[in-house]
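A short reminder: the numbers here are calculations on the coordinates, not readings from a lab. This structure is a prediction, so every number in the text was calculated from the model and none was measured. Glycine gets a Cβ as well: all are built from the backbone with ideal geometry, and neighbour counts include every protein chain shown.
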Amino acid sequence: GSAYALHGTPPRAAWMPHAIQSPPFSPAAWPARFREPAGDGTVWIEPDGDAAEPFPPVATALAPVPASWLEDRGDRIGLEIVAPAYGFLVVRDAYYPGWTATLDGRPAPILRADGAFRAVRLPPGRHVVEMRYRPTRWGTYLGICGAATLLLLVRIARPRRGPPPPEPSAHDPEETEE
């Protein structure tokens, strides 16, 4: 196997000026993706859905710009960033279904960056980006549990229908044969 070294630690969240549009992620493509020099502001972006339009050119002389953290919780982050030109806010936290983003209060698609991280497209200017995590199946599980509970309560509370069960006899049947 091969070992890859990261020269210099990039910030956890930063505006990145250079993007390379990559094909859909596959572990086999990792070695080729990381041959680019680390820290040069280049990020591999996997487009998704509406975000699949080509990337406009950006100024090549610009360096990455770290974001300011407004909030950092397990299920939510808030960042403020001043983008000097068009680019991407890359958050080096795991890309995983269930994350949603807003850019200045409006929904924004989250893209896969460098195969494992999250990114949001940014136009030039000052922006606030919020990301929230809500498990994608949580609503389904909640609905199923709620429906099962409701059915159980209805079954317990519903009066029995049909003839009442026979009452036990007060005398012994063997005594009447004599």
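Using 0.36 nm per residue, how much length does the chain from residue 134 to residue 70 gain when fully extended, once their Cα-Cα distance is taken away?
Fully extending the segment from residue 134 to residue 70 adds 21.1 nm.
Each residue, residue 151 and residue 93, gets one label point 7 Å from its Cα in the Cβ direction; the gap between the two is 3.7 nm. Relative to the current alpha-carbon distance between residue 85 and residue 42, full extension at 0.36 nm per residue lengthens the span by 14.1 nm. A Förster radius of 22 Å, combined with the Cβ-Cβ distance separating residue 63 from residue 126, puts the computed FRET efficiency at roughly 0.75.
Rounded to the nearest Hz, the phi-derived 3J(HN,Hα) couplings of region 82-99 under the Karplus curve 6.51 cos²θ - 1.76 cosθ + 1.60 (θ = phi - 60°) are 10, 8, x, 7, 4, x, 9, 8, 10, 10, 7, 10, 4, 7, 7, x, x, 7, where x marks glycine and proline.
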